[in-house]
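Asker: The structure follows.
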Amino acid sequence: MPRPSATRPAPTVALAAAALLFGSTFLVVKDAVEEVGVVPFLAARFLVAAATLAPLAHRRPRAPGVLRAGTLAGVALAGGYLFQTFGLRSVSSSVSAFITYLLVVFVPVLSAALLRRRPRATTVAGIVLATAGLALLTGGGVGLGTGELLTLGCAVLFAVHIVLLADFAPRHDTVTLNLVQLAVVGAALAVPGLFGGGYHFPPGVWLAVAYTGVVVTAAAFMLQVWGQRAVGPARTALVLLLEPVFAALLGYLAGERLGAGGVAGAALILAGILVSEVGPAVRSRAARESRPA
């Protein structure tokens, strides 16, 4: 079974690419759910994603238990997206990003409790830096209204999802596991979506469905599942903290400005990820060089 590795860059790069794709969705989704219902939008998004992956999964190997693993991951994912998307109706995208990524605090706790994996000291230090940076990036002052509480529930469920994938991803084919979890989300929301506004979307919303379904949901979750075959849950959560940084950069290109606090926050997040990623490699190299020849 593949284990977390501090020396292989490809899985971490895959997670960073997933964060870039995830970070591109906040404004797209916020605009879309102002025109249509939350549940039908999510159902359409995940069904499109599953349909995109289905041809690829047709001839892939299927290890015993993949349906159970994908179903559990899909249930956590569905709950997280429901809470997040309903929350986006009453909080700003930056506040949503900050509360969502409190998952970086929840993941090591859940991982230690459920998987008996204690995070490295460098990972803990990175989490502290990155969480402080995220607070600066998004303004930090968050009150707990209904939208904030819904988004907090999203953070917990997304943390559960990351921990589940840490256990499941090394044991199952990436495409098959991802297809099952995405299909579970889409199927669970499809019928409720009929009663939540239906599927008569305007063309602009269908474009948002196509983008978030194919480019983000299918591709980004493929990258995350593959990356988590080699990267532990705490480090995964930390690398995914790049999402609000990418969201802020994309916002800058669209005319938004971070300000001094935002730039400092983005720098702290990057510093936290570097501490987590480079620290173990440096320590391992120093240990090798200290051994007698």
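Here, each number is a calculation from the coordinates, and none is a lab measurement. Remember, predicted model here, so these are calculated numbers, not experimental data. Positions of Cβ are generated from backbone atoms using ideal geometry, with glycine treated the same way; all protein chains shown enter the neighbour counts.
Asker: Applying 1/(1 + (r/R0)^6) with R0 = 30 Å to the Cβ-Cβ distance of Ala267 and Val28, what FRET efficiency is obtained, to the nearest 0.05?
Answerer: After rounding to 0.05, the efficiency reads 0.70.
Asker: Give me the net charge of Glu35's neighbourhood, meaning all other residues with Cβ under 15 Å from the Cβ of Glu35; Lys, Arg count +1, Asp, Glu -1.
Answerer: So the environment of Glu35 carries a net charge of +1.
Asker: For Ala125 and Val215, compute 0.36 nm times the residue count separating them, minus their Cα-Cα distance, and round to one decimal in nm.
Answerer: Additional length available on full extension: 29.1 nm.
Asker: To the nearest whole percent, what portion of all C-alpha pairs in the stretch 13-290 is separated by more than 22 angstrom?
Answerer: Counting pairs separated by more than 22 Å, the tail of P(r) holds 56 percent.
Asker: A further question follows. Could you please report the charge total around Val205, scoring K, R as +1 and D, E as -1 over all other residues with beta-carbon less than 13 angstrom from its beta-carbon?
Answerer: My count for the surroundings of Val205 gives -1.
Asker: Return the FRET efficiency for the residue pair Leu115, Ala187: r is the Cβ-Cβ distance, R0 is 35 Å, and the value is rounded to the nearest 0.05.
Answerer: Step by step, r from the Cβ atoms, then E = 0.80.
Asker: Determine ³J(HN,Hα), in whole Hz, for all residues of the stretch 234-241 in sequence, where each value follows from phi through the Karplus function 6.51 cos²θ - 1.76 cosθ + 1.60 and θ = phi - 60°; x replaces Gly and Pro.
Answerer: 5, 5, 4, 4, 5, 5, 5, 5
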